[in-house]
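Notes follow once the structure below has been shown.
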Amino acid sequence: GGSDSKVSRIACAPDNFRLRLVPWAGVATLVAQNGKAAPSVRGRAFCFLPLPAETGLPVHVNGYFELSSNRRDIWRGDDMAGEGRIRAEWNRALLEDVVAPTYARMILRLCRSIGGGEGLERYYMVWPGETAQEPWGGLVRRVYEDTAGLPVLWSLVGGGRWVSPQEARYVGGDWEHSDDVAKALLEAGQAVVKLPDHVRTGFASVEGAVLHADASFFRTFIKSAKALPACVATDRSRAIRLLSYCLGDLILGCPADTDGGEAYTCLVGLPLVPVSDGTLQSFGKPKDKVSLFLGSGTECELLATLRSRIVDVSLPASVGDHFRSEALQAYTNVRQLTPGMVAECLDQVLPQGWKGKGE
């Protein structure tokens, strides 16, 4: 635990010498049995000999614990005084300052022994979950904190490697268009990971660990990228699905003067607008000189030379509804074509010699 840790301070306090507290612990789990992956362990606590109580952890924990009077469990309680309080504080400190770092090192050692993507299901079963009750719950929180900077999560990035939770980007397998999101991020060098729920939940309270690649994250990432990933730039269908993903957290139908309407400003700079010439354009600001037009098939044929500014008429309905919404057009450069706007555009599409000619 280190000389400045709570467990060291308790053990070295002169008033506690009579308790003979030793900051020592070990963590173990069964990895293989008879050459095959072993089933998950129902964790027990040990104080050199096994204690009857289960911990709710998927590992066994052996430590220099202070035991309850019947020696069936470790000493616990928050409403004690005197020596009872010291014993309870010691056990919490031992779990958080000694057992948790040991648990984290065991996880790191285990992932190194796997050496790749095989055996991940059994590997993630070793990670602690929400089934642990206090005082073991404090240990669980510390394990996730202590592993945040260690390469303990498997990602397919760069052909496959272990990455730290601080690098990891989570894409839920049940999210709409999740495969497209994961492919785009992986191609761009982002460490996308797939995690069981209990591991993802464990990192939820650790700041900066396992960021979710939700619509907000993906918009920001794509806007800041120097170029679109090739799998997006060369696959129009995928680009449209990712555009749908980026619109997923915006509330369709919100008036422009509400917070929900103003949220559409996040689209400015997003280079995923499919236009009629087959390319992708970026959303601009409302006052930009160049607008992107929404129109009917006939209007698009009439303004054929402006195809690079006309939004693809074959957009899925769910995407098209956003484009036609009041809020999106209030905060971006997308405009619904009107007869007057078509007339204004004619001088850009009619032959130069026609200008000024009478009927």
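The values are calculated or read from the model by the stated rules, or taken from the named source; none is laboratory data. Keep in mind the model is a prediction, meaning the values are calculated, not measured. Please note: Cβ atoms are built from the backbone with ideal geometry, for glycine as well, and neighbour counts cover all protein chains shown. Each accessible area value is taken on the protein alone, full model and side chains, heavy atoms only, with ligands, DNA and RNA left out. Shrake-Rupley method; radii C 1.70, N 1.55, O 1.52, S 1.80 Å.
Observations on the model:
- Here segment 164-187 is the region considered, the condition is being in a loop (DSSP other than H, G, I, E, B) and at pLDDT below 95, and the residue that is surrounded by the fewest Cβ atoms within 10 Å (Cβ to Cβ) is Asp174.
- All positions within segment 29-70 that are under 20 Å from Arg141 (Cβ atoms) and assigned to a loop (DSSP other than H, G, I, E, B): Thr29, Gly43, Thr55, Gly56, Leu57, Pro58, Val59, Phe65
- Of the residues contained in segment 291-309, none is found to be in contact with an Asp or Glu (Cβ under 7 Å, 6 or more places away or on another chain), surrounded by fewer than 20 Cβ atoms within 10 Å (Cβ to Cβ), on the phi < 0 side of the Ramachandran plot and hydrophobic (A, V, I, L, M, F, W, C).
- Every pair of residues 6+ apart whose Cβ atoms lie under 8 Å, when the first sits in segment 180-196 and is touching a residue at least 24 places away in the same chain (Cβ under 8 Å) and within 16 Å of Ser164 (Cβ to Cβ) while the second is open to solvent by 20 Å² or more (accessible area, probe 1.4 Å) and assigned to a helix (DSSP H, G or I): Gly189/Gly158; Gln190/Phe221; Val192/Leu186
- Selection within segment 188-211: residues that are open to solvent by 10 Å² or more (accessible area, probe 1.4 Å) and part of a helix (DSSP H, G or I). The member of this set that is nearest to Tyr144 (Cα to Cα) is Gly202.
- All conditions but one from (1) modelled with pLDDT of 90 or more; (2) under 22 Å from Glu207 (Cα atoms); (3) in contact with a helix residue (DSSP H, G or I) (Cβ under 8 Å, 6 or more places away or on another chain); (4) open to solvent by 10 Å² or more (accessible area, probe 1.4 Å) apply to Leu110; the one that does not is (2).
- Filter result (touching a residue at least 12 places away in the same chain (Cβ under 8 Å) and either more than 19 Å from Pro196 (Cα to Cα) or of a type in the set (Lys, Arg) (or both)) within segment 113-145: Ser113, Arg122, Gln133, Glu134, Pro135, Trp136, Gly138, Leu139, Arg141, Arg142
- Selection within segment 149-163 - free of Cβ contacts under 8 Å to residues at least 40 places away in the same chain and surrounded by fewer than 17 Cβ atoms within 10 Å (Cβ to Cβ): Gly149, Leu156, Gly158, Gly159, Arg161
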